[in-house]
Amino acid sequence: MSIEVKFSGRYRFLTGVESCIVDATELDTIEDVVVEIVFEYSSLKVDRARIMVFRDGVTLSYDEKVFDGDVLVFAPPLVSGG
Amino acid sequence: MDDIRFDRQLRAESWGKETQQLLEQTSVLVIGAGGLGSHSANLLVRLGIGRIVIVDSDVVEISNLPRVAVFDKADVGNSKALVLAEKLSRIGGPCSIVGKNLCVNEDSIEGLLDGIDIVVDATDNIQTRLLVNRACVNKKIFFVYAGLEQSSGMILGVVPGQSACLECLRLQERPKESAVPVVGSVPGIVAGLQVSEVISLLRANMPLGLIVIQCFSSLNLEVLEVKKRVDCPVCGGL
(Lines give C-alpha, C1' and ligand atoms only; values in the text may rest on other atoms or scores of the structure.)
Protein backbone atom coordinates (compact mmCIF):
# COMPACT_ATOMS: atom_id res chain seq x y z
CA MET A 1 0.00 0.00 0.00
CA SER A 2 1.31 3.43 -0.93
CA ILE A 3 0.14 6.63 0.73
CA GLU A 4 1.31 10.18 0.15
CA VAL A 5 1.65 12.42 3.20
CA LYS A 6 1.88 16.18 2.71
CA PHE A 7 3.24 18.28 5.55
CA SER A 8 1.71 21.62 6.42
CA GLY A 9 3.13 24.63 8.27
CA ARG A 10 5.59 23.83 11.02
CA TYR A 11 5.79 20.19 10.03
CA ARG A 12 7.57 21.14 6.81
CA PHE A 13 10.15 22.92 8.91
CA LEU A 14 10.47 20.01 11.34
CA THR A 15 10.74 17.30 8.66
CA GLY A 16 12.62 19.32 6.05
CA VAL A 17 10.33 18.02 3.28
CA GLU A 18 7.00 19.05 1.77
CA SER A 19 5.74 15.50 1.37
CA CYS A 20 6.74 11.87 1.44
CA ILE A 21 5.45 8.46 0.42
CA VAL A 22 4.68 5.82 3.01
CA ASP A 23 4.99 2.45 1.36
CA ALA A 24 4.23 -0.57 3.52
CA THR A 25 2.09 -3.67 3.33
CA GLU A 26 0.72 -3.63 6.87
CA LEU A 27 -0.88 -0.17 6.85
CA ASP A 28 -4.48 -0.33 8.00
CA THR A 29 -5.41 2.85 9.87
CA ILE A 30 -4.36 6.48 10.22
CA GLU A 31 -2.64 5.42 13.44
CA ASP A 32 -0.37 3.10 11.43
CA VAL A 33 0.58 5.91 9.07
CA VAL A 34 1.31 8.26 11.99
CA VAL A 35 3.55 5.63 13.57
CA GLU A 36 5.47 5.23 10.32
CA ILE A 37 5.86 8.98 9.89
CA VAL A 38 7.00 9.57 13.47
CA PHE A 39 9.50 6.72 13.09
CA GLU A 40 10.88 8.36 9.95
CA TYR A 41 10.74 11.92 11.30
CA SER A 42 11.36 11.80 15.04
CA SER A 43 10.96 15.60 15.26
CA LEU A 44 7.19 15.02 15.06
CA LYS A 45 7.25 12.78 18.13
CA VAL A 46 6.22 15.65 20.40
CA ASP A 47 2.88 15.85 18.58
CA ARG A 48 2.53 12.09 18.16
CA ALA A 49 -1.08 11.85 19.43
CA ARG A 50 -2.24 15.30 18.29
CA ILE A 51 -1.36 15.60 14.62
CA MET A 52 -4.34 16.75 12.57
CA VAL A 53 -4.78 14.44 9.60
CA PHE A 54 -6.90 15.47 6.61
CA ARG A 55 -8.13 13.47 3.65
CA ASP A 56 -10.01 15.40 0.98
CA GLY A 57 -10.46 18.28 3.42
CA VAL A 58 -11.98 16.19 6.21
CA THR A 59 -10.19 15.64 9.53
CA LEU A 60 -9.80 11.96 10.37
CA SER A 61 -9.66 10.10 13.65
CA TYR A 62 -6.69 7.81 14.17
CA ASP A 63 -8.78 4.64 13.94
CA GLU A 64 -10.09 5.38 10.44
CA LYS A 65 -9.02 3.12 7.59
CA VAL A 66 -6.51 4.16 4.97
CA PHE A 67 -6.54 3.06 1.37
CA ASP A 68 -3.94 2.58 -1.32
CA GLY A 69 -3.37 5.87 -3.11
CA ASP A 70 -4.64 8.04 -0.26
CA VAL A 71 -3.24 11.56 -0.06
CA LEU A 72 -3.14 12.75 3.54
CA VAL A 73 -2.27 16.20 4.91
CA PHE A 74 -0.57 16.41 8.30
CA ALA A 75 -1.08 19.76 10.06
CA PRO A 76 0.03 20.89 13.52
CA PRO A 77 -2.66 21.58 16.13
CA LEU A 78 -2.12 25.11 17.47
CA VAL A 79 -4.15 26.14 20.50
CA SER A 80 -2.20 28.84 22.34
CA GLY A 81 -3.43 32.42 22.36
CA GLY A 82 0.09 33.71 22.73
CA MET B 1 -18.16 58.18 9.02
CA ASP B 2 -14.86 59.87 9.86
CA ASP B 3 -13.48 60.37 6.35
CA ILE B 4 -10.30 62.04 7.55
CA ARG B 5 -9.38 59.33 10.06
CA PHE B 6 -9.98 56.54 7.55
CA ASP B 7 -8.79 58.39 4.46
CA ARG B 8 -6.03 55.93 3.50
CA GLN B 9 -8.13 52.77 3.71
CA LEU B 10 -11.11 54.45 2.04
CA ARG B 11 -8.78 55.04 -0.90
CA ALA B 12 -7.76 51.37 -1.03
CA GLU B 13 -9.29 49.53 -4.01
CA SER B 14 -10.28 46.55 -1.89
CA TRP B 15 -12.01 48.67 0.76
CA GLY B 16 -14.27 51.66 0.10
CA LYS B 17 -17.13 53.26 2.02
CA GLU B 18 -19.31 50.15 2.00
CA THR B 19 -16.75 48.14 3.93
CA GLN B 20 -16.12 51.01 6.33
CA GLN B 21 -19.83 51.35 7.04
CA LEU B 22 -20.15 47.60 7.47
CA LEU B 23 -17.41 47.66 10.09
CA GLU B 24 -19.04 50.53 11.96
CA GLN B 25 -22.26 48.52 12.20
CA THR B 26 -20.48 45.44 13.56
CA SER B 27 -20.11 44.23 17.15
CA VAL B 28 -17.16 41.98 17.92
CA LEU B 29 -16.46 39.88 21.00
CA VAL B 30 -12.73 39.29 21.55
CA ILE B 31 -12.16 36.41 23.95
CA GLY B 32 -8.66 36.50 25.38
CA ALA B 33 -6.53 39.61 25.73
CA GLY B 34 -3.08 38.04 25.54
CA GLY B 35 -0.70 38.03 22.59
CA LEU B 36 -3.30 37.30 19.95
CA GLY B 37 -6.30 39.08 21.44
CA SER B 38 -4.50 42.32 22.23
CA HIS B 39 -3.18 42.60 18.66
CA SER B 40 -6.51 41.63 17.07
CA ALA B 41 -8.48 44.06 19.25
CA ASN B 42 -5.99 46.82 18.51
CA LEU B 43 -6.34 46.26 14.75
CA LEU B 44 -10.13 46.08 14.87
CA VAL B 45 -10.42 49.36 16.79
CA ARG B 46 -8.02 51.12 14.44
CA LEU B 47 -9.87 49.76 11.39
CA GLY B 48 -13.09 51.33 12.68
CA ILE B 49 -15.17 48.49 14.07
CA GLY B 50 -18.35 49.81 15.70
CA ARG B 51 -18.33 47.98 19.03
CA ILE B 52 -15.90 45.67 20.72
CA VAL B 53 -16.20 43.67 23.92
CA ILE B 54 -12.95 42.29 25.35
CA VAL B 55 -13.07 39.46 27.87
CA ASP B 56 -10.24 37.95 29.90
CA SER B 57 -9.88 36.91 33.54
CA ASP B 58 -6.08 37.09 33.69
CA VAL B 59 -3.77 39.87 34.80
CA VAL B 60 -0.82 41.25 32.87
CA GLU B 61 2.49 39.53 33.67
CA ILE B 62 5.97 40.69 32.82
CA SER B 63 6.43 37.60 30.62
CA ASN B 64 3.50 38.76 28.44
CA LEU B 65 5.20 41.96 27.31
CA PRO B 66 7.26 40.54 24.40
CA ARG B 67 4.09 39.24 22.68
CA VAL B 68 1.28 41.67 23.43
CA ALA B 69 0.16 44.95 21.91
CA VAL B 70 -0.43 48.10 23.92
CA PHE B 71 0.48 46.82 27.44
CA ASP B 72 3.56 48.09 29.23
CA LYS B 73 5.48 47.44 32.44
CA ALA B 74 3.20 49.67 34.51
CA ASP B 75 0.24 47.40 33.66
CA VAL B 76 1.72 44.31 35.34
CA GLY B 77 -0.70 42.92 37.92
CA ASN B 78 -3.76 44.64 36.42
CA SER B 79 -6.64 43.08 34.50
CA LYS B 80 -5.75 42.43 30.86
CA ALA B 81 -9.27 43.08 29.64
CA LEU B 82 -9.77 46.31 31.56
CA VAL B 83 -6.36 47.76 30.75
CA LEU B 84 -6.67 46.85 27.08
CA ALA B 85 -10.13 48.42 26.83
CA GLU B 86 -8.93 51.59 28.56
CA LYS B 87 -5.86 51.94 26.36
CA LEU B 88 -7.68 51.22 23.11
CA SER B 89 -10.31 53.83 24.07
CA ARG B 90 -7.58 56.46 23.73
CA ILE B 91 -7.40 55.75 19.99
CA GLY B 92 -10.75 57.47 19.54
CA GLY B 93 -12.91 56.98 16.48
CA PRO B 94 -16.28 55.29 16.15
CA CYS B 95 -15.59 52.26 18.32
CA SER B 96 -17.40 51.66 21.59
CA ILE B 97 -15.12 49.53 23.78
CA VAL B 98 -16.00 47.47 26.82
CA GLY B 99 -13.58 45.38 28.90
CA LYS B 100 -14.83 42.54 31.09
CA ASN B 101 -12.65 40.90 33.70
CA LEU B 102 -14.37 37.55 33.81
CA CYS B 103 -13.96 33.90 32.95
CA VAL B 104 -15.67 32.51 29.85
CA ASN B 105 -17.58 29.38 30.79
CA GLU B 106 -20.96 27.66 30.37
CA ASP B 107 -22.60 30.23 32.64
CA SER B 108 -21.21 33.37 31.04
CA ILE B 109 -21.01 32.60 27.32
CA GLU B 110 -24.70 33.04 26.47
CA GLY B 111 -24.84 36.55 27.92
CA LEU B 112 -21.56 37.52 26.31
CA LEU B 113 -22.90 36.68 22.87
CA ASP B 114 -25.93 38.98 23.15
CA GLY B 115 -25.81 41.53 20.32
CA ILE B 116 -22.54 40.15 18.95
CA ASP B 117 -22.05 39.66 15.20
CA ILE B 118 -18.69 37.91 15.24
CA VAL B 119 -16.40 36.32 17.82
CA VAL B 120 -12.62 36.57 17.71
CA ASP B 121 -11.24 33.54 19.55
CA ALA B 122 -7.88 34.29 21.15
CA THR B 123 -8.07 32.12 24.23
CA ASP B 124 -5.32 29.83 25.43
CA ASN B 125 -7.02 26.49 25.94
CA ILE B 126 -8.97 24.14 23.76
CA GLN B 127 -11.88 23.58 26.18
CA THR B 128 -12.84 27.26 26.12
CA ARG B 129 -12.35 27.46 22.38
CA LEU B 130 -14.67 24.50 21.80
CA LEU B 131 -17.24 25.89 24.24
CA VAL B 132 -17.33 29.21 22.38
CA ASN B 133 -17.38 27.48 18.99
CA ARG B 134 -20.39 25.42 20.04
CA ALA B 135 -22.25 28.47 21.36
CA CYS B 136 -21.53 30.40 18.17
CA VAL B 137 -22.71 27.56 15.94
CA ASN B 138 -25.92 27.23 18.00
CA LYS B 139 -26.61 30.96 17.78
CA LYS B 140 -25.40 31.23 14.18
CA ILE B 141 -22.74 33.81 15.01
CA PHE B 142 -19.56 34.05 12.94
CA PHE B 143 -16.53 32.66 14.76
CA VAL B 144 -12.86 33.18 13.91
CA TYR B 145 -10.40 30.90 15.67
CA ALA B 146 -6.68 31.58 15.73
CA GLY B 147 -4.02 29.61 17.53
CA LEU B 148 -0.26 29.66 17.62
CA GLU B 149 2.82 27.95 18.95
CA GLN B 150 6.55 28.35 18.42
CA SER B 151 6.69 30.39 15.19
CA SER B 152 3.51 28.96 13.63
CA GLY B 153 -0.06 30.10 13.45
CA MET B 154 -3.42 28.82 12.28
CA ILE B 155 -6.70 30.60 11.54
CA LEU B 156 -10.15 29.21 10.79
CA GLY B 157 -13.24 31.26 10.03
CA VAL B 158 -16.53 29.55 10.78
CA VAL B 159 -19.88 30.32 9.16
CA PRO B 160 -22.33 28.19 11.17
CA GLY B 161 -24.18 25.70 9.03
CA GLN B 162 -22.10 26.43 5.95
CA SER B 163 -18.48 25.70 6.76
CA ALA B 164 -16.48 23.40 9.03
CA CYS B 165 -16.47 24.42 12.68
CA LEU B 166 -13.65 24.15 15.18
CA GLU B 167 -14.94 20.81 16.47
CA CYS B 168 -14.53 19.42 12.95
CA LEU B 169 -10.74 19.81 13.31
CA ARG B 170 -10.49 17.29 16.18
CA LEU B 171 -8.02 19.59 17.97
CA GLN B 172 -6.29 18.05 20.96
CA GLU B 173 -4.90 19.87 24.00
CA ARG B 174 -1.13 20.03 24.45
CA PRO B 175 0.46 17.76 27.02
CA LYS B 176 0.77 19.55 30.35
CA GLU B 177 3.87 21.68 30.55
CA SER B 178 4.87 24.98 32.06
CA ALA B 179 4.23 27.31 29.12
CA VAL B 180 3.76 27.15 25.36
CA PRO B 181 6.82 28.37 23.44
CA VAL B 182 5.95 31.36 21.24
CA VAL B 183 8.22 33.78 19.35
CA GLY B 184 7.25 37.32 20.37
CA SER B 185 6.46 38.68 16.91
CA VAL B 186 4.24 35.78 15.84
CA PRO B 187 1.02 36.84 17.64
CA GLY B 188 1.03 40.12 15.70
CA ILE B 189 1.40 38.29 12.39
CA VAL B 190 -1.33 35.77 13.17
CA ALA B 191 -3.63 38.49 14.54
CA GLY B 192 -3.31 40.35 11.24
CA LEU B 193 -4.53 37.26 9.40
CA GLN B 194 -7.28 36.67 11.95
CA VAL B 195 -8.60 40.20 11.46
CA SER B 196 -8.40 39.76 7.68
CA GLU B 197 -10.58 36.69 8.05
CA VAL B 198 -13.03 38.69 10.20
CA ILE B 199 -13.38 41.22 7.39
CA SER B 200 -13.69 38.50 4.75
CA LEU B 201 -16.54 36.87 6.68
CA LEU B 202 -18.34 40.17 7.19
CA ARG B 203 -18.08 41.07 3.53
CA ALA B 204 -18.53 37.72 1.81
CA ASN B 205 -19.99 35.32 4.42
CA MET B 206 -17.48 32.73 3.29
CA PRO B 207 -14.31 31.62 5.06
CA LEU B 208 -11.06 31.08 3.18
CA GLY B 209 -10.32 27.69 4.71
CA LEU B 210 -7.72 26.72 7.29
CA ILE B 211 -4.93 29.28 7.04
CA VAL B 212 -1.58 27.88 8.17
CA ILE B 213 1.49 30.06 8.50
CA GLN B 214 5.06 29.18 9.41
CA CYS B 215 7.21 32.22 10.11
CA PHE B 216 11.01 32.50 9.95
CA SER B 217 13.24 29.49 9.08
CA SER B 218 10.96 28.72 6.11
CA LEU B 219 8.31 31.37 5.57
CA ASN B 220 5.26 29.59 4.30
CA LEU B 221 1.58 30.43 4.13
CA GLU B 222 -1.03 28.08 2.79
CA VAL B 223 -4.79 27.69 2.87
CA LEU B 224 -6.03 24.14 3.42
CA GLU B 225 -9.46 23.11 2.31
CA VAL B 226 -11.52 22.03 5.31
CA LYS B 227 -14.91 20.38 4.98
CA LYS B 228 -17.59 19.82 7.60
CA ARG B 229 -17.49 16.41 9.23
CA VAL B 230 -20.80 14.66 8.82
CA ASP B 231 -20.24 13.14 12.28
CA CYS B 232 -19.33 16.45 13.93
CA PRO B 233 -21.24 16.63 17.24
CA VAL B 234 -21.59 20.40 16.90
CA CYS B 235 -22.30 21.21 13.25
CA GLY B 236 -22.85 17.77 11.70
CA GLY B 237 -26.62 18.08 11.79
CA LEU B 238 -26.79 21.59 10.31
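Condition first: outside any loop (DSSP other than H, G, I, E, B), touching a residue at least 40 places away in the same chain (Cβ under 8 Å) and either out of contact with any Asp or Glu (no Cβ under 6 Å at 6 or more places or on another chain) or acidic (Asp, Glu) (or both). Now tell me which residues in segment B:64-107 satisfy that.
Once the filter is applied, which keeps residues that are outside any loop (DSSP other than H, G, I, E, B), touching a residue at least 40 places away in the same chain (Cβ under 8 Å) and either out of contact with any Asp or Glu (no Cβ under 6 Å at 6 or more places or on another chain) or acidic (Asp, Glu) (or both), segment B:64-107 yields B:Leu84, B:Leu88, B:Ser96, B:Ile97, B:Val98, B:Gly99, B:Lys100.
Among the residues of segment A:14-32, is there at least one that is crowded, with 19+ Cβ neighbours inside 10 Å, within 12 Å of chain B (Cβ to nearest Cβ), under 10 Å from the mean Cα position of the chain (by Cα) and of a type outside the set (Val, Ile, Thr)?
No, segment A:14-32 has no match at all.
Can you name the residue in segment B:43-60 that is over 14 Å from B:Ile116 (Cβ atoms) and within 13 Å of chain A (Cβ to nearest Cβ) and is also surrounded by the most Cβ atoms within 10 Å (Cβ to Cβ) among such residues?
Only one residue fits best here, namely B:Asp56.
Taking the stated definitions as given, is B:Ser152 hydroxyl-bearing (Ser, Thr, Tyr) and buried (at least 24 other Cβ atoms within 10 Å of the Cβ)?
yes
Could you list all residues from segment B:1-30 that are assigned to a helix (DSSP H, G or I) and in contact (Cβ under 8 Å) with a residue 40 or more places away in the chain?
B:Thr19, B:Leu22, B:Leu23, B:Glu24
From the set of residues in segment A:72-82 that are closer than 18 Å to A:Glu18 by Cα and at the interface with another protein chain (Cβ under 7 Å from one of its Cβ atoms), which is farthest from the chain's Cα centre (by Cα)?
Among them, the one singled out is A:Pro77.
Can you tell me which residues in segment B:101-138 are within 14 Å of another protein chain (Cβ to nearest Cβ) and among the charged types (D, E, K, R)?
Once the filter is applied, which keeps residues that are within 14 Å of another protein chain (Cβ to nearest Cβ) and among the charged types (D, E, K, R), segment B:101-138 yields B:Asp121, B:Asp124, B:Arg129.
When you check B:Ile116 against the structure, is it hydrophobic (A, V, I, L, M, F, W, C) and under 18 Å from B:Ile49 (Cα atoms), yes or no?
So B:Ile116 passes the test.
So which of B:Glu173, B:Glu149, B:Glu177 ends up being in contact with a strand residue (DSSP E or B) (Cβ under 6 Å, 6 or more places away or on another chain) and at pLDDT below 95?
B:Glu149
Residues of segment B:160-172 being in a helix (DSSP H, G or I) and either within 7 Å of another protein chain (Cβ to nearest Cβ) or in contact with an Asp or Glu (Cβ under 7 Å, 6 or more places away or on another chain) (or both), which ones?
B:Cys168, B:Leu169
So which of B:Pro175, B:Pro181, B:Pro187 ends up being within 10 Å of chain A (Cβ to nearest Cβ) and crowded, with 22+ Cβ neighbours inside 10 Å?
So the residue among B:Pro175, B:Pro181, B:Pro187 that is within 10 Å of chain A (Cβ to nearest Cβ) and crowded, with 22+ Cβ neighbours inside 10 Å is B:Pro187.
Which members of segment B:139-152 meet the condition of being assigned to a strand (DSSP E or B) and more than 7 Å from chain A (Cβ to nearest Cβ)?
Within segment B:139-152, B:Phe142, B:Phe143, B:Val144, B:Tyr145, B:Ala146 qualify.
Could you tell me whether segment B:41-48 includes any residue that is of a type in the set (S, T, N, Q) and part of a strand (DSSP E or B)?
The answer is no; no qualifying residue exists.
Residue by residue through segment A:44-71, note down the ones that are surrounded by 13 or more Cβ atoms within 10 Å (Cβ to Cβ) and more than 12 Å from chain B (Cβ to nearest Cβ).
Answer for segment A:44-71, where residues must be surrounded by 13 or more Cβ atoms within 10 Å (Cβ to Cβ) and more than 12 Å from chain B (Cβ to nearest Cβ): A:Leu44, A:Val66, A:Asp70.
State all residues of segment B:113-128 that are outside any loop (DSSP other than H, G, I, E, B) and in contact with a Leu (Cβ under 6 Å, 6 or more places away or on another chain); if no residue qualifies, say none.
B:Val119, B:Ile126, listed by residue number.
Only one of these is assigned to a helix (DSSP H, G or I) and polar (S, T, N, Q): A:Ser43, A:Ser61. Name it.
Selected residue: A:Ser43, the only one of A:Ser43, A:Ser61 that is assigned to a helix (DSSP H, G or I) and polar (S, T, N, Q).
Which of the residues belonging to segment B:203-238 are surrounded by fewer than 19 Cβ atoms within 10 Å (Cβ to Cβ) and either at the interface with chain A (Cβ under 8 Å from one of its Cβ atoms) or assigned to a helix (DSSP H, G or I) (or both)?
B:Arg203, B:Ala204, B:Ser217, B:Ser218, B:Asn220, B:Glu222, B:Glu225, B:Lys227
The values are calculated or read from the model by the stated rules, or taken from the named source; none is laboratory data. Quick caveat: nothing in here was measured; it's all calculated off a predicted structure. Here the Cβ is made from the backbone with ideal geometry for all residues, glycine too, and neighbour counts use every protein chain on show.
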